[in-house]
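Everything below concerns the one structure shown next.
Quick note: the coordinates plus some simple rules give every number you see, no bench work behind them. Remember, it's a predicted structure, so these values are computed and weren't measured experimentally. Note: ideal-geometry Cβ built from the backbone for every residue, glycine included; neighbour counts use all protein chains shown.
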Amino acid sequence: MDDAQSPDALLSQSLAVLRQCFPTLETAAARAPTVAVELRDTVAALRGVESALHQHRDALRRAAHFATLGRLAAGLSHEIRNPLGALFLHIDLLEEEFRDPTPESPTVMVQTFGEIRTALTRLDELVQDYLSLVRVGTIELGVQDIGAAVQTWTAEMQSRAAQQGVTVVLEGHTTVGPLAFHPSTLRRAVLNVVQNAIEAMPEGGSLRLECLRTALEVQLRIRDSGIGIPAEQVPRIFEPLYTTKPGGTGLGLYIMREILAAHGGRVTVESVEGQGTTFTFTFPAP
């Protein structure tokens, strides 16, 4: 990853430094009346700089937001064309079979309807992904037992994991306690990572979900013993529309990160090729 810091990170550092200066200057003004006016003027000027930096940072974030929206819109247009093209093609094939039936027509029709169903499923997945992005910003959080929720969500994937020879272990879920979250939305984020983990272990392996709590944070760690992620790909996996999976939308991990952000949380990933991957969800404790 490039060592250069982003403009947003640099601005955040500058704002932090400015905020640290204010108490010192104000204390100095209180202790030295003869220079109080000059110090107050300096503080006022610095606060003006802080306000300008805030505005500049907000402008940068808005620009990045609209650039992302543009990429998503372009990506949706591109992704929809493929299943739509398949639908038109197979509808044409059905018309031909109805118009000029042959002894093979029943078999061809069954296969064609299967292809149409596949294309429609693909379209539905795309629409649901994009709708998820729209809904994330409007979710309402409620305090519930996060351990019980994780246990329920994990149980949904047990059958699939067993079919692939993956052993699922859940730890800490009985003691982690409450968290403010939106159940169906956070479920999507967790199951996205769990599903990816299972797919990363085609020959079987172990999947471990660990719930942890400190005074300030609640964490959920999802560890697999799968194929891992190449080091050069790790910095890009949360980019919208970036995917290495055939047929993938490139939105799964991006949506997951947005879901965590809507919960006031964050996600980190550690991976070693050939040894496995760990995703860590971190939330503020209620």
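Take the Cβ atoms of Thr175 and Ala155, set R0 to 25 Å, and the FRET efficiency comes out at 0.85. Computed 3J(HN,Hα) for the range 260-266, one whole-Hz value per residue from the Karplus formula 6.51 cos²θ - 1.76 cosθ + 1.60 where θ = phi - 60°, is 5, 4, 5, 8, x, x, 8, glycine and proline marked x.
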